[in-house]
Amino acid sequence: MRLGVLDVGSNTVHLLVVDAHHGAHPWPAHSEKAVLRLAEQIGPDGALTEVGADALVAAVTEAKMSAARLTADDVLAFATSAVRDATNAPQVLARVREETGVRLQVLSGADEARMTFLAVRRWFGWSAGRLLVLDIGGGSLELAAGIDEEPNLALSLPLGAGRLTRDRLGLEPETTTAPSAQAVTELEEYVETTLDPVVEKMAEADWDRPVATSKTFRTLARLAGAAPSGKGLWTPRSLSRTGLRQVIGFIRHIPPSKLAELEGVSARRAHQLLAGAVVAEAVMRRLGVETLDICPWALREGVILRRLDQLEPATGPV
């Protein structure tokens, strides 16, 4: 079957269409995204701005047309922290449904962590043993740990790169000055305080293989020396805490407008990189993780795999 997943995230609205069936590897047939940075479109009152809502409706409309053109048999549409945390979320969701016909399912932070964990488990397999999975999105940080396909622990914190960039650093893609040392220090202190209760809970877990997903971790790994995307999906990639500290050491002094010139850095997300790096370093250090393996599968693939699991398996000779 041809299955589409529409991911309304804190940074992008991403449509991924795959060809797959029960028990099969889902092979991408089409991918398109619109960069909306909804996490940065939240007003002082906590509501998604009218400009943000307009952009969301337009992006969902375009994605729906693409899915129809590609003859997707089913489209799974969901939204994460930016929409979930907006004070006007019910009104925004109702507007999207009325104007596009698409009903967005809002995932909780714990659901995000569980779906991402499933994707990582399927990618690395049972030989990976007990997994720790970290995912830094635009609006939140997800953590999950366990030995099965369902994690024993699934947590979410408001430590997304986009959210922190907006609330703590005040950077924009076109910003031509690096953040002040005081702003970075205050961000680090806030991240440490927010992590405190989670570190205590994670102490109950144990893992054999720490893994990271998301664009933020992939970009940080690339800057630390991991293979570029052109080397292919199957090339092993990792991020060490030593390499990450070196990356932070130079990007904290570079304005976003210049960061965007670095190989592997998205121009539209360059201003979020420092905040994401601060979160990544803090959580690795607090959990005692020296090196993270980078997994190319994440939330979208987890949603697809869960849907495929619900299909009837193909019949064959007994």
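For the reader, a short list of remarks on this structure follows.
- Region 171-318: proportion of alpha-carbon pairs further apart than 26 angstrom, %: 36 percent
- Taking the Cα centre of region 1-124 as reference, the dipole from Cβ charges on Lys and Arg (+1) and Asp and Glu (-1) amounts to some 380 debye.
- Just the protein heavy atoms count here, and of the accessible area of region 189-318 at 1.4 Å, carbon and sulfur take up 49 percent.
- Taking every protein chain into account, the accessible area of the chain amounts to 44 square angstrom per residue (probe 1.4 Å).
- Straight-distance crosslink candidates among lysines, where the alpha carbon sits under 20 Å from residue 258 and sequence neighbours closer than 8 are dropped: 215
- Positive end of the dipole of region 34-116 (Cβ unit charges, origin at the Cα centre): among 91, 43, 61, the Cα lying farthest that way belongs to 61.
- Rolling a 1.4 Å probe over the protein chains gives residue 206 an accessible area of about 90 Å².
- Highest-fluctuation residue, 199, 265, 247 considered, GNM on the chain with Cα pairs under 10 Å: 199
- For the chain, the dipole from Cβ point charges (+1 on Lys and Arg, -1 on Asp and Glu) about the Cα centre works out to 720 debye, to the nearest 20.
- Share of pairwise Cα separations in the chain, more than 35 Å, in percent: 17 percent
- Which of 16, 157, 143, positive extreme of dipole for the chain (C-beta unit charges): 16
- Label point distance in nm, residue 24-residue 209, each placed 7 Å from Cα along Cα→Cβ: 2.5 nm
- Global form of region 57-190, assessed from the alpha-carbon gyration tensor, a/c cut-off 1.5: oblate
- Cα-centred dipole magnitude for region 253-299, charges only on beta-carbon of K, R (+1) and D, E (-1), debye, nearest 20: 220 debye
- With both labels modelled 7 Å from their Cα along Cα-to-Cβ, the residue 127 to residue 34 distance reads 4.3 nm.
- Straight-line reach from residue 64: taking Cα to Cα under 18 Å and skipping same-chain neighbours fewer than 8 places apart, the lysines in range are 33.
- Mean separation of Cα contacts under 8 Å, 6 or more apart, over the residue count of the chain: relative contact order %: 19 percent
- Residue 258 - accessible surface, heavy atoms, 1.4 Å probe, Å² rounded to 10: 110 Å²
- Net length gained if the chain between residue 176 and residue 110 were fully extended (0.36 nm per residue, minus Cα distance): 20.1 nm
- Added length on full extension, which subtracts the Cα-Cα distance from 0.36 nm per residue, residue 290 to residue 62: 77.9 nm
- Within the chain, percent of DSSP bridges classed antiparallel, to nearest 5: 65 percent
- Region 1-59, relative contact order in percent, only Cα pairs under 8 angstrom and at least six apart counted: 27 percent
- Taking amide H as placed 1.01 Å from N in the peptide plane, residue 130 has its amide H under 5 Å from the amide H of 208, 209, each at least 5 places away in sequence or on another chain.
- Near the amide H of residue 29, within less than 5 Å, lie the amide hydrogens of 17, 18, 19, all on another chain or at least 5 residues away, with H placed in the peptide plane.
- Gain in span if fully extended, residue 234 to residue 263, counting 0.36 nm per residue against the direct Cα distance: 8.4 nm
The values are calculated or read from the model by the stated rules, or taken from the named source; none is laboratory data. Remember, it's a predicted structure, so these values are computed and weren't measured experimentally. Every residue, glycine among them, receives a Cβ derived from its backbone with ideal geometry; neighbour counts consider all protein chains shown. The accessibility values were calculated without ligands, DNA or RNA, using every heavy atom of the protein model including side chains. Shrake-Rupley method; radii C 1.70, N 1.55, O 1.52, S 1.80 Å.
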